């Protein structure tokens with residue numbers, strides 16, 4: 001779809017924001033302009049790309065300053081701009097020349113740049129080469145697991161009560177932790193009872209007879 005130019009400022013802005021700009025200089029009273037207009041609109045619909053390829057229509061009677069700036073003296077006149085500079089001019093309603101010139105200019109606009117340049121990954125796809133979705137391999141954890149497995153295996157293999165042996169095995173990862181003995185006492189050791197007939201007193205009793 002083409003853009004109708006309403007001012008010199010609007011046209012100048014398009015020349016700086018779009019890689020390729022195609023301008024159709026026409027007049028309402030121009031018969032050839034009306035004849036080629038459907039072809040021009042068809043090409044505009046097919047090739048327009050935001051900020052890359054822009055089609056414009058400039059009424060020479062309403063925008064005389066633009067027409068004079070580019071020396072337009074016959075209608076229709078088509079001008080193709082690349083990065084603000086004229087690269088081709090087609091005078092007259094020659095459909096074949098106009099189509100060829102526009103298709104060549106569209107190729108100069110190039111393909112659209114990708115939004116992201118980094119290597120991505122499609123949802124549900126395979127990871128990109130050189131990337132990993134898992135954490136670092138824990139070799140020590142593997143060794144501990146193998147030791148526990150074989151330890152439990154051999155203990156239960158040579159035991160009459162395999163279940164009890166597995167429960168009490170030091171290789172059982174679910175085995176409850178035994179409480180540590182306090183300083184000065186061994187695990188399971190009973191504390192000596194106070195001597196018979198000796199009564200424990202209070203702090204006040206310690207000071208006197």
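Just so it is clear, none of the values below were taken in a lab; they were calculated from the coordinates. Please read these numbers as outputs of a predicted model, since none were measured by experiment. Reconstructed Cβ throughout: ideal geometry from the backbone, glycine too, with neighbour counts over all protein chains shown.
See the values below:
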| quantity | calculated |
| --- | --- |
| Residue 10-residue 103 FRET efficiency (beta carbon distance; Förster radius 35 Å; 0.05 resolution) | 0.85 |
| Extension reserve of the residue 46-residue 82 stretch, reckoned as 0.36 nm per residue once the Cα distance is removed | 11.1 nm |
| Calculated P(r) of the range 3-109 - Cα pairs past 21 Å, % | 25 |
| Average Cα contact separation per residue, the range 3-109, under 8 Å, 6 or more apart, as relative contact order % | 37 |
| Gain upon complete extension [residue 96, residue 61; 0.36 nm per residue less C-alpha separation] | 9.9 nm |
